[in-house]
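Notes for the one structure printed next.
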Amino acid sequence: MTTQEKVQYGFGTRLDVPYIEAVERAKAALKEQGFGVLTEIDVKATMKAKLDVDFQPYVILGACNPPLAYRALTAETSIGLLLPCNVIVYQDGDGARVEFMDPAVALGIVGNSDVEPVATEARARLWAAMENLDKK
């Protein structure tokens, strides 16, 4: 793993491994933190099929931690509009980048104090997943 980076709505890192290996590492790291992958969108394949354009290898993983999702949904029923937590993996030169949505930012727009601890825990778990990517 190289440098960790943060953007306003997420955080991520670059791995010095091939794209396919980075996808598998991301899934394994998420699983260790209690997240399952509910959706997997192959952006490259979708762009080719729908627009007939070539795009870099890029996947969007919709990650869900059921206990956290339950807590969030019982605190704010409409919060499902902001779920699941997206994780992206894309080719970056001879390596790959893995980036995680920051739940504290995304769920912070709700303005419900009962959601804040859920968002904080989800963020901590996703951060731990990111830090463990190089241990796979």
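The values are calculated or read from the model by the stated rules, or taken from the named source; none is laboratory data. Here the structure is a predicted model, which means the values were calculated and not measured. Using ideal geometry, Cβ is built from the backbone for each residue, glycine included, and neighbour counts are taken over all protein chains shown. With ligands, DNA and RNA removed, areas are computed over all heavy atoms of the protein, side chains included. Shrake-Rupley method; radii C 1.70, N 1.55, O 1.52, S 1.80 Å.
State whether the residues of the range 69-89 include one that is open to solvent by less than 30 Å² (accessible area, probe 1.4 Å) and part of a loop (DSSP other than H, G, I, E, B). Scanning the range 69-89, I find no residue that is open to solvent by less than 30 Å² (accessible area, probe 1.4 Å) and part of a loop (DSSP other than H, G, I, E, B), so the answer is no.
Given the condition more than 23 Å from Asp134 (Cα to Cα) and within 15 Å of the chain's Cα centre (by Cα), answer yes or no: does some residue in the range 53-64 qualify? No; the residues of the range 53-64 include none that is more than 23 Å from Asp134 (Cα to Cα) and within 15 Å of the chain's Cα centre (by Cα).
I'd like to know if the range 102-122 contains one or more residues that are at negative phi, among the small types (Gly, Ala, Ser), in contact with an Asp or Glu (Cβ under 7 Å, 6 or more places away or on another chain) and buried (at least 17 other Cβ atoms within 10 Å of the Cβ). So far as the range 102-122 goes, no, none of its residues is at negative phi, among the small types (Gly, Ala, Ser), in contact with an Asp or Glu (Cβ under 7 Å, 6 or more places away or on another chain) and buried (at least 17 other Cβ atoms within 10 Å of the Cβ).
Quick one: would you say Asp16 is of a type in the set (Asp, Glu) and touching a residue at least 24 places away in the same chain (Cβ under 8 Å)? So Asp16 passes the test.
I need a count of the residues in the range 109-136 that are closer than 12 Å to Glu32 by Cα and part of a loop (DSSP other than H, G, I, E, B). The number of residues fulfilling the criteria is 2. Do we find that Met1 is modelled with pLDDT under 95 and either over 30 Å from Ile109 (Cα atoms) or open to solvent by less than 20 Å² (accessible area, probe 1.4 Å) (or both) in this structure? Yes: the conditions hold for Met1. Within the set Lys44, Lys6, the sole residue that is surrounded by fewer than 19 Cβ atoms within 10 Å (Cβ to Cβ) and at pLDDT 95 or above turns out to be Lys44. Tell me yes or no: at least one residue of the range 25-42 is assigned to a helix (DSSP H, G or I), without any contact (Cβ under 8 Å) to a residue 60 or more places away in the chain and touching a Ser or Thr at 6+ places or on another chain (Cβ under 9 Å). Checked the range 25-42: no residue is assigned to a helix (DSSP H, G or I), without any contact (Cβ under 8 Å) to a residue 60 or more places away in the chain and touching a Ser or Thr at 6+ places or on another chain (Cβ under 9 Å).
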